[in-house]
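Report on the structure given below.
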Amino acid sequence: MYLHELTASVRKLDGIGPRRLKAFSERGVLTIADLLLYLPRRYEDRSTPRALADAATEPANTIAQIIRHEYFGSGRNRTLKLIISDGTQRAALVCFNRSFLADAYPPGTVVRLSAVFEYRYRELQTASFEMERAPDEPLGPPYEPQSPETEAFFRILPVYPLTAGLSQQHVRSALDQALKRWGTRIKDPGPAELCRKLQLPPLADALHAVHHPPSFSDAERGRRRFALHELLGLQVAQRRLVDRLHGEHRTPVAPPRGLLAVVQQRLPFSLSEEQQRVLDEIIADLGSARPMARLLHGEVGSGKTVVSLLSMVPRLEQGQQAAVLVPTELLARQQHATLRRHLEPHGITVELAVGNLAPAERKALYSRIADGTAQCIVGTHALISPQVTFSSLSYVVIDEQHRFGVAQRAALRDKGVAPDLLLMTATPIPRTLALTLYNGLQISQLRHRPPGRATVTTHLARCSRRAEVYTNVAARLRHGGQAFVVCPRIDPDGNAEQASAESTAAELAGSFLSGFSIGLIHGRLPEERKRETMQAFSEGRMQVLVSTTVLEVGVDVENAVAIVVEHAELFGLSALHQLRGRVGRGLKPGVAFLVYDENLTEEAKQRLRVLHREHDGFRIAEHDLKIRGPGELGGVRQAGILRLRFTVLERDLDLLEAGSPAVEQVRAGSPLDQSLVPFLPFDQEDACV
């Protein structure tokens, strides 16, 4: 197959006009390749025939007849109810805001039906159902033989992530077309022997298995085939970059420690034994013949920033430059302030490079970086700009490294000559996973918070107890503390039941926290307004900060003593642990209230229980590895160390281990190298260097 066919727009498919194309693009589906790789988030089992007589305890999958129409309510609130029977039981389909179904399904119509029922108002009823016309079909569960249409309806049905203007039928119809036209023509990139050993299907079969699975086990094997391809690509990219780093050499020179000793002595605190050990490891790397390539990952509040600050001092003392790349302007400004406070008294110039500088200011900054006047530069993606050139870049720190792609990390490092590289993440990584994914890097851990940090108590609270939660928060505010309130969304976006930052800020100002100064911060606000709000909160001029997860990493306000996470069940374990780490960063004890909806999935219950009893980020990471599923939950992306599309880490670690020999063959120049070039545009931007 020619690549241009797979990179063609989904607009080529029947039924996709401008409006639907926009909806698909909002889900990241622009090309035929994107569509084929748009995997379901779950599956619905319609393959088991089940009559209405059994529907009180199990989902019904049956063929029924519309007996009559009924209505309840009046005026604009008048609601249609379809009374049905499949010969074993009568039931009611409640059609809220769907009165048009009366004309589409008049009495006597036979339909294929899949629904979950419950007894309400003395009858078996549901408001959530799928059905379609089934002329000439006998009533009752569809046993053999079945028509092709019945087989297509009563099967294991993929359920895809959606957005406004996109229905399950739209996605399934588009995929049916794409699979029919291209699905059998996909060439398998291998590695064939490894796939046979792992009992994984060829890639074309895997595509059909995930979108039209004959069984759940077939769907899982299909997904794992994609996961293998993804993990191999990830590992190959990782090893190539590490090999490149290790191939660079320089004359080993012990770095000076004079200025380091002075800066360290003037810190308002002493390093913990763990921090000192990690700092010594890094300083030893700086004197080696090969550039440093080290990952520093650690507990929330464990002091990674001060270790990285001190570690760059020897290079700065030698008259060379250091660059610190961070994912957000909020974090960049905070780190810039920290570095200035500790380095500028010693004559080291610290600059800030962010995207919204005025043209004249930007030009002057780039000039200072190019001539070496700017010695330590903290910045966002602006640092990667081709217009930024360094005089003598020899030390690169990438904070929250998993938020940057391979090309971005390499682009900054390539601005120097064999610079040392320190990657940092506040997401603790299970040891087995770290050793595999970060193979070739030196790894340092900070497992504990420095002595003297306050404790943080975690409370779980149902949504029905929000008033009690905010009464507690208000009492802490009256005693001089400050509080964060974190919401899963910026605005309601059609889901009034889920707290949004904007509506919550307005609600708190008019009720539970009236009389206190309340600020709002989220990703859509202008950077200037975010900066002003954050500065007011940091300086204590604002008592409450309502936000989305923009607060997740790096925000450091010592006076913050309370955090409320609304709809905590929608967040991943890592995100919740990071958010909890925003309080208790000074001497005052902190409290985290995780407010949750009472209708929880088992997975959400597991996550909240783990957060309630565990405070060790590394232990939480191990739990996260066991219970995290793929994709999204409730529209809020699970936070984690990698943005893996197909891999479920807790089920696919064997693929990482099994693929290691294949990766080594690629390093040795095996022809397998070419077979790993993806047949579709798999993203290798998540390799770990």
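Is it the case, given these coordinates, that residue 373 is among the β-branched types (Val, Ile, Thr), modelled with pLDDT of 85 or more, within 22 Å of residue 341 (Cβ to Cβ) and assigned to a loop (DSSP other than H, G, I, E, B)? So residue 373 fits the description; yes.
Can you name the condition, by its number, that residue 137 falls short on among (1) closer than 19 Å to residue 46 by Cβ; (2) charged (D, E, K, R); (3) at pLDDT 90 or above? Condition (3) is where residue 137 drops out. Is it the case, given these coordinates, that residue 590 is in the same structural domain as residue 513 (by TED's automatic domain parsing), modelled with pLDDT of 85 or more and not charged (D, E, K, R)? Answer is yes for this residue. Selection of segment 363-379 for residues being surrounded by fewer than 14 Cβ atoms within 10 Å (Cβ to Cβ) and among the charged types (D, E, K, R) yields 363, 371.
Tell me whether segment 244-260 contains one or more residues that are buried (at least 17 other Cβ atoms within 10 Å of the Cβ) and at pLDDT below 80. Yes.
If you check 382, 410, 434, 360 for being at pLDDT below 95, over 30 Å from residue 255 (Cα atoms), surrounded by fewer than 22 Cβ atoms within 10 Å (Cβ to Cβ) and not assigned by TED's automatic domain parsing to the domain that holds residue 560, only one passes: 360. Selection over segment 134-169 of residues that are closer than 26 Å to residue 17 by Cα and part of a strand (DSSP E or B) gives a count of 3. When you scan segment 320-327, do you find a residue that is within 34 Å of the chain's Cα centre (by Cα), in a loop (DSSP other than H, G, I, E, B) and within 25 Å of residue 527 (Cβ to Cβ), even just one? Scanning segment 320-327, I find at least one residue that is within 34 Å of the chain's Cα centre (by Cα), in a loop (DSSP other than H, G, I, E, B) and within 25 Å of residue 527 (Cβ to Cβ), so the answer is yes. For segment 1-33, residues that are touching a residue at least 60 places away in the same chain (Cβ under 8 Å) and within 25 Å of residue 152 (Cα to Cα) total 9. Within this structure, residue 154 passes the test of being more than 19 Å from residue 10 (Cα to Cα) and not assigned by TED's automatic domain parsing to the domain that holds residue 62.
Restricting attention to segment 337-356, the residues that are without any contact (Cβ under 8 Å) to a residue 24 or more places away in the chain and either assigned to a helix (DSSP H, G or I) or within 35 Å of the chain's Cα centre (by Cα) (or both) add up to 4. Considering (1) hydrophobic (A, V, I, L, M, F, W, C); (2) within 20 Å of residue 557 (Cβ to Cβ); (3) assigned to a helix (DSSP H, G or I), the lone condition that residue 316 does not fulfil carries the number (2). Where residues in segment 441-480 are in contact with a Gly (Cβ under 7 Å, 6 or more places away or on another chain) and among the basic types (Lys, Arg), which of them is surrounded by the most Cβ atoms within 10 Å (Cβ to Cβ)? Among residues in segment 441-480 that are in contact with a Gly (Cβ under 7 Å, 6 or more places away or on another chain) and among the basic types (Lys, Arg), the one surrounded by the most Cβ atoms within 10 Å (Cβ to Cβ) is 449.
Of the numbered criteria (1) modelled with pLDDT under 95; (2) over 28 Å from the mean Cα position of the chain (by Cα); (3) under 23 Å from residue 445 (Cβ atoms), the one residue 289 fails is (3). Among the residues that make up segment 119-128, is at least one of them more than 30 Å from residue 10 (Cα to Cα), of a type in the set (Lys, Arg) and in a strand (DSSP E or B)? Yes, segment 119-128 contains at least one residue that is more than 30 Å from residue 10 (Cα to Cα), of a type in the set (Lys, Arg) and in a strand (DSSP E or B).
The values are calculated or read from the model by the stated rules, or taken from the named source; none is laboratory data. Just so you know, these numbers come straight off a predicted model, no measurement behind them. Please note: Cβ atoms are built from the backbone with ideal geometry, for glycine as well, and neighbour counts cover all protein chains shown.
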